[in-house]
Amino acid sequence: MFENEEHLTQFFDTALSQEHSPFSPECIAREFDYREGRTDVIVSDSQGNLLAFEMKLEKWKQALNQAYRNSSFAHYSYIVVPLRTAMRAVRQEYEFLRRGVGLCSVDDSRIRIEIDARRTEPLRPWLTKTALEYMFENNHA
């Protein structure tokens, strides 16, 4: 269904702004680069939260580690995978809950939250501020 992670990211980016999206983005940016990594998509919502999303076609465990790292600056952190990958990942729900990371699946029509992320206060608020500045400079919502 998705040819590569870029295709998945493009679909997700478009679906975020659709009426049936489970998220309410105020602002969206891609490829937030910081010292420990690069987050695929960051979003600010109407409540002032920063959400981080890691995209993977298959390697959901790698995405889980990346998403957990993103919780250092994001209020909510998710991984986003195709539905078939999500069905395998959801079997390890405990790992997602333990880390506070959410799981989203995508198919050809929508985004669905399989596991809700837990809201956290970022450990590095200065990085949250940097991410928000980056987002508003690079907004494409």
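The values are calculated or read from the model by the stated rules, or taken from the named source; none is laboratory data. Since the model is a prediction, treat every value here as computed from it, not as a measurement. Cβ sites come from the backbone with ideal geometry, for glycine too, and all protein chains shown count toward neighbours. The area values use the complete protein model at the heavy-atom level, side chains included, leaving out ligands, DNA and RNA. Shrake-Rupley method; radii C 1.70, N 1.55, O 1.52, S 1.80 Å.
Using Cβ point charges alone (K and R +1, D and E -1), the dipole size of region 10-141 about the Cα centre works out to roughly 580 debye. Pairwise Cα distances in the chain exceed 22 Å for 29 percent of all pairs. Stretching Arg38 away from His7 to a fully extended chain increases their span by 9.4 nm, per 0.36 nm per residue minus the current alpha-carbon distance. Mean silhouette area of region 74-138, derived from the convex hull of its C-alpha atoms and averaged over all directions, reads 5.3 nm².
Across region 57-96, the relative contact order, built from alpha-carbon pairs under 8 Å that are at least six residues apart, equals 48 percent. The Stokes-Einstein estimate for region 1-70, based on a Kirkwood radius over Cα pairs and taken at 4 °C with 1.567 mPa s viscosity, is a diffusion coefficient of 102 µm²/s.
Over the chain, Cα pairs under 8 Å with separation of 6+ residues give a relative contact order of 25 percent. Projecting the Cα atoms of Gly100, Thr130, Pro25 onto the charge dipole of the chain, computed from C-beta unit charges around the Cα centre, puts Gly100 farthest toward the positive end.
3J(HN,Hα) along region 57-66: 7, 10, 7, 5, 5, 5, 5, 4, 4, 5 Hz, from the Karplus curve 6.51 cos²θ - 1.76 cosθ + 1.60 with θ = phi - 60°, whole Hz, x for Gly and Pro. Ranking of Lys61, Lys56 by solvent-accessible surface, largest first: Lys61, Lys56 (1.4 Å probe, protein heavy atoms only, all chains present).
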